[in-house]
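The values are calculated or read from the model by the stated rules, or taken from the named source; none is laboratory data. None of the values given here were measured: they were computed from a predicted structure. Heads up, the Cβs are rebuilt from the backbone with ideal geometry, glycines too, and the neighbour counts pull from every protein chain shown.
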Amino acid sequence: MPLLAHLKPLYLPAFWGALAAPWFWIMWLWLSGDSTAHYLLHTSGKYATRLMLVALAATPLRMMFPKAGWTRWLVQSRRHWGVASLAYVLLHTVLYFVDEGVLWDIIAGVSKPSYLTGWLALALFIGLGLTSNNASVKALGQRWKPLQRWVYVAALLTFLHWVLLDFNVMMGVYHFAPLVALQLWRVWRGRRV
């Protein structure tokens with residue numbers, strides 16, 4: 001039996017280990033006292049965003065490079081990237097609760113656009129995450145894909161949350177510009193075909 005056949009059962013655990021490694025690192029820094037929840041909020045938010053952007057870039061990259069094996073792999077693994085993004089979103093939320101410490105402060109902040117966009121994105125991420133499994137795909141049938149397209153709304157809300165909280169439009173643009181360019185190319189290509 002070829003070596004690759006022996007390694008195939010290790011692929012998924014290794015892939016998830018790589019996706020989870022920063023999550024465990026953030027948890028270690030927080031629980032060991034080497035860092036504060038406030039500081040790690042930014043780190044967990046960046047990982048959540050970056051993993052979401054990889055998942056969203058999969059299809060346009062596949063369309064751009066249809067014969068490349070890595071784009072086929074990216075499309076096949078995009079649900080993993082999305083679910084991993086949700087794990088970082090949930091960690092981000094827990095760190096936010098710890099950092100605020102007072103429930104009334106959290107409730108009072110909900111009406112601010114910078115926080116409201118984050119809460120709405122969280123609600124969408126949870127809904128998308130709960131339906132990102134084979135049983136949901138089968139149960140929802142043709143309705144599954146339109147439901148999963150709400151991730152684009154979650155991405156926009158994430159961008160707004162980041163920009164409104166950070167007051168750093170360029171950092172948000174830096175992260176989201178590649179995805180926007182890919183999606184614009186996808187729309188342009190679709191109109192030409």
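Go through region 23-72 residue by residue and tally those that are free of Cβ contacts under 8 Å to residues at least 12 places away in the same chain, over 24 Å from Asp166 (Cα atoms) and of a type in the set (Ser, Thr, Tyr).
Adding up the residues that qualify gives 1.
In region 150-177, how many are surrounded by 14 or more Cβ atoms within 10 Å (Cβ to Cβ) and within 14 Å of Leu51 (Cα to Cα)?
Adding up the residues that qualify gives 7.
Looking at the structure I just gave you, is Tyr88 hydroxyl-bearing (Ser, Thr, Tyr), within 17 Å of His42 (Cβ to Cβ) and free of Cβ contacts under 8 Å to residues at least 40 places away in the same chain?
Judged against the criteria, Tyr88 is not a match.
Just checking, does region 56-67 include any residue being under 13 Å from the mean Cα position of the chain (by Cα) and closer than 21 Å to Ser136 by Cβ? Let's see the steps before the verdict.
Looking only at region 56-67, we keep the residues that are under 13 Å from the mean Cα position of the chain (by Cα), and these are 56-58.
When the remaining residues are screened for being closer than 21 Å to Ser136 by Cβ, the result is 56, 58.
The answer is yes; a qualifying residue exists.
Among the numbered conditions (1) modelled with pLDDT of 90 or more; (2) surrounded by fewer than 11 Cβ atoms within 10 Å (Cβ to Cβ); (3) over 29 Å from Gln183 (Cβ atoms), tell me where Gly69 comes up short.
Only one criterion in (1) modelled with pLDDT of 90 or more; (2) surrounded by fewer than 11 Cβ atoms within 10 Å (Cβ to Cβ); (3) over 29 Å from Gln183 (Cβ atoms) is unmet by Gly69, namely (3).
Tell me which residues, restricted to region 31-54, are more than 21 Å from the chain's Cα centre (by Cα) and assigned to a helix (DSSP H, G or I). First the steps, then the outcome.
We begin by selecting, within region 31-54, every residue more than 21 Å from the chain's Cα centre (by Cα); these are 31-36.
Correct list: Leu31 only.
Looking at region 7-53 only, could you name the residues that are in contact with a helix residue (DSSP H, G or I) (Cβ under 6 Å, 6 or more places away or on another chain), closer than 12 Å to Trp81 by Cα and hydrophobic (A, V, I, L, M, F, W, C)?
Leu19, Ala48, Leu51, Met52, Leu53
Considering only region 60-70, state which residues are touching a Ser or Thr at 6+ places or on another chain (Cβ under 9 Å) and assigned to a helix (DSSP H, G or I). Walk me through it before giving the result.
The initial filter retains those residues of region 60-70 that are touching a Ser or Thr at 6+ places or on another chain (Cβ under 9 Å), namely 61-65.
Within region 60-70, Leu61, Arg62, Met63, Met64 meet the criteria.
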